[in-house]
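First up is the structure itself, then whatever we jot down about it.
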Amino acid sequence: MNIRRKLPPLAALTAFEAAARVRSFTKAAAELGVTQAAVSRQIHLMEETLGFPLFRRLHRSIELTDKGQVLSTAATSAFNLMADTIGELTREEDEGALSISATVSISHFWLMPKIASFSRLHPDSRLRIVSQDDTAGLGGSDLAIRYGNGVWSDGKAEYLFDDELFPVCSPEYAAKLGSAPALEDIARQSLISYDSKNPSWIGWEEWLAAFSIKLAKAPSGLRTSFYTEAVYAALSGQGIALGWKRLVQNLLDTKSLIRLTEQSVVPRDGYFLIVPPRSANNAKAFQFIDWLKAEAAD
């Protein structure tokens, strides 16, 4: 039996899985690197092929139908199974290296600046850092560093640290604002924002709302796809970004970025280390875990 005859086109299935997971055609398009219209077209094609609707199109959002929810669960499981299998095969080819999965921002701003100290302590250990766009999946990695509520089904979550958010900008931009600008003045500046599929991450509207300040309109500043881009936009003087302290501390220490206010928001979630069952007896993994916990506590 040719199983492909029972499946929608792969492009349509990929678009559906992404849109169902992030609950947005626009965010799915950004994740896949295509236009929103292309995602909408692929899902419409899939609905025509199947003969029933997968989504309810609301005014500013989408909802899965009952059949769409069933198919979404199956599609995500299938894609995860493929990712895990490919990860395992890749890990076999890179046998001996300990692989750590993390988001691009955590990897770039927090983990990589510290990794040299691990190499000095354990010169015979080989590491493979797997950076991902958003919430770090395990795939075939031995460990993952992840931000969220600590409730995941793919491994044991060990708490590392929490974080706090506050406005940051370049020294030149800060000089134009003067010392200790009021939050109302900051809200009228060029605010750099970024897209995130992680609902735990906080944007400008939510941050300002914590101090009873409402944006009159959408932020007028640059909008980026990833947090790393937002930070580099702030470094280049494009406006004010929200600084996640654990990620931008090195830039604050070197005065590359300036913290504008003492006010901050502490999110309810935090950073966790995910240890999958397959790493429970991995001596190299626990060597890295001990080092990571020491760095987190420092």
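Go through the residues of segment 215-225 one by one and say whether even a single one is at pLDDT 90 or above and either farther than 21 Å from F272 by Cβ or crowded, with 20+ Cβ neighbours inside 10 Å (or both).
no
For R259, indicate whether it is open to solvent by 40 Å² or more (accessible area, probe 1.4 Å) and at pLDDT 95 or above. Break it down into steps so the answer makes sense when it comes.
Details: open to solvent by 40 Å² or more (accessible area, probe 1.4 Å): yes; at pLDDT 95 or above: yes.
So R259 passes the test.
Restricting attention to segment 97-117, does a residue exist that is modelled with pLDDT under 90 and farther than 30 Å from K245 by Cβ?
Yes, because at least one residue in segment 97-117 is modelled with pLDDT under 90 and farther than 30 Å from K245 by Cβ.
Show the residue pairs meeting these rules: Cβ distance below 6 Å; 6+ apart or different chains; first residue within segment 21-33 and assigned by the TED database to the domain that holds Y194; second residue open to solvent by less than 60 Å² (accessible area, probe 1.4 Å) and part of a helix (DSSP H, G or I).
Filtered contacts from segment 21-33: no entries.
If you go through segment 56-71 one residue at a time, do you hit one that is open to solvent by 20 Å² or more (accessible area, probe 1.4 Å), in a helix (DSSP H, G or I) and in contact (Cβ under 8 Å) with a residue 60 or more places away in the chain?
no
Please work out which one of (1) over 15 Å from the mean Cα position of the chain (by Cα); (2) under 23 Å from D298 (Cβ atoms) is the condition A209 fails and give its number.
(2)
Specify the residue that is modelled with the lowest pLDDT; the eligible residues are those in segment 136-151 that are hydrophobic (A, V, I, L, M, F, W, C) and open to solvent by 10 Å² or more (accessible area, probe 1.4 Å). Steps first, answer last, please.
Just the residues of segment 136-151 that are hydrophobic (A, V, I, L, M, F, W, C), to begin with: 136, 138, 143-145, 151.
Restricting the remaining residues to those that are open to solvent by 10 Å² or more (accessible area, probe 1.4 Å) gives 138, 151.
Numbers: L138: 70, V151: 87.
In this case the residue turns out to be L138.
The values are calculated or read from the model by the stated rules, or taken from the named source; none is laboratory data. Because the structure is a prediction, the values reported are computed rather than measured. Quick reminder, even Gly has a Cβ in these numbers, built from the backbone with ideal geometry, and neighbours come from all protein chains shown. Only protein heavy atoms, including side chains, enter the accessible area calculation; ligands, DNA and RNA are left aside. Shrake-Rupley method; radii C 1.70, N 1.55, O 1.52, S 1.80 Å.
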